[in-house]
1. Karplus couplings for region 58-63 from phi (6.51 cos²θ - 1.76 cosθ + 1.60, θ = phi - 60°), rounded to Hz, Gly and Pro as x?
2. On full extension of the chain, what length is gained from Arg57 through Ile84, given 0.36 nm per residue of separation minus the C-alpha to C-alpha distance?
3. Neighbouring Cβ atoms within 10 Å as the yardstick, rank Glu41, Glu56 fewest first.
4. Could you please state, rounded to a whole Å, how far the C-alpha centre of region 5-45 is from the C-alpha centre of region 54-93?
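Only the coordinates and a few stated rules stand behind these numbers; no lab work does. Quick caveat, the model's predicted, so the values are computed rather than measured. Cβ sites come from the backbone with ideal geometry, for glycine too, and all protein chains shown count toward neighbours.
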Amino acid sequence: MRLGEGRERSKTDWKKVDSLSDHDIARAIEDDPDTFDPGAEWLRKASVPRPALPKERLTVRFDADMVNWFKRQGRGYQTRMNAILRAYFEHTRSAASSAKAKGKNGAPGGKAQ
């Protein structure tokens with residue numbers, strides 16, 4: 001496949017983009033309702049979460065298509081897999097806690113584990 005083959009043609013008017021001044025671009029950013037300016041206070045409070053728990057080396061078997069899909073996402077695929085498993089864990093743990101508070105079994109599918 002040649003470079004650019006199989007891709008949709010860009011709908012961007014590049015001549016118009018090239019003609020914009022820095023002032024035009026700054027004004028467009030200011031007028032854009034989706035622009036997020038975090039500000040000094042937000043940046044002061046911002047943090048990068050670090051795993052609180054140590055990692056454990058484990059041998060597991062996943063479906064090949066799942067592993068290939070994660071690998072195609074690029075570097076850090078194991079971290080993303082862990083994040084998805086953690087999200088499921090947190091969700092089911094909080095659902096189980098809520099169900100216990102209501103006197104119900106919180107296991108997925110309504111089955112006891």
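1. 8, 9, 10, 10, 10, 4
2. Once the chain is fully extended between Arg57 and Ile84, it gains 8.0 nm.
3. Details: Glu41 8, Glu56 5.
With the sparsest Cβ surroundings first, the list reads Glu56, Glu41.
4. If we compute the Cα centre of each part, the gap is 34 Å.
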